[in-house]
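Please read the structure below before turning to the comments.
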Amino acid sequence: MLENYLPVIMQAVIALGFAGVMLLMSLLLGKKGKSNPTKESPYECGMKPIGDGAPRFSVKFYVIAMLFVIFDIEVVFLYPWAVQFRDLIQEGPMAFWSICGFAGVLAVAYIYALKKGALNWNA
């Protein structure tokens, strides 16, 4: 069994060894750079940077984004079921009742989000 993986193991060892040798040679033979705070500061159109670079977003934005992703994924699960609906119903009523349970859980989650005010933009 090991002889089947021997070429892969050898290639991985050679690749890691090559990467390690190149890093070591770079540290030993490379130039040492000098630190210059002026050159290392961020450039902002000729102005000195003041304040944070990124604006802060409200937590509501992230909650809405997560709810969108969750409900969007639920629709992705409903689509294949809707395409195969006729074939599934001919096999028995179990497919119908399972999707009713799935939609019920989805409805409960939606009502919970509404009650908690997660979809209220003004608050």
- prompt: For semi-axes √(5λ) of the Cα gyration tensor in Å, the choices are (1) 39, 21, 10; (2) 23, 17, 14; (3) 53, 37, 10; which was calculated from the structure?
  reply: (3)
- prompt: Using unit Cβ charges (K, R positive; D, E negative) and no other charged atoms, how large, in debye to the nearest 20, is the dipole of the chain about its Cα centre?
  reply: 820
statement: The summed charge of the SER98 Cβ neighbourhood (under 15 Å; Lys/Arg +1, Asp/Glu -1) stands at -3
Under-19-angstrom lysine pairs by C-alpha in the chain, whenever the two are 8 or more apart or on separate chains: 4
task: Round to the nearest 0.05 the FRET efficiency obtained for GLN11 and LYS31 when R0 = 22 Å and r is the Cβ-Cβ distance.
output: 0.10
field: Using alpha-carbon coordinates, inclination of helix 59-83 to the longest axis of the chain, degrees
entry: 60
message: Quick check: residue separation of ILE50 and PHE102 times 0.36 nm, minus the Cα distance between them. What number comes out in nm?
response: 13.6 nm
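The numbers here are math on the coordinates, done by the rules we state, and not lab data. Only a predicted model underlies this, so the values are computations on that prediction, with no experimental measurement involved. Here Cβ is always computed from backbone atoms with ideal geometry, including for glycine, and neighbour counts include all displayed protein chains.
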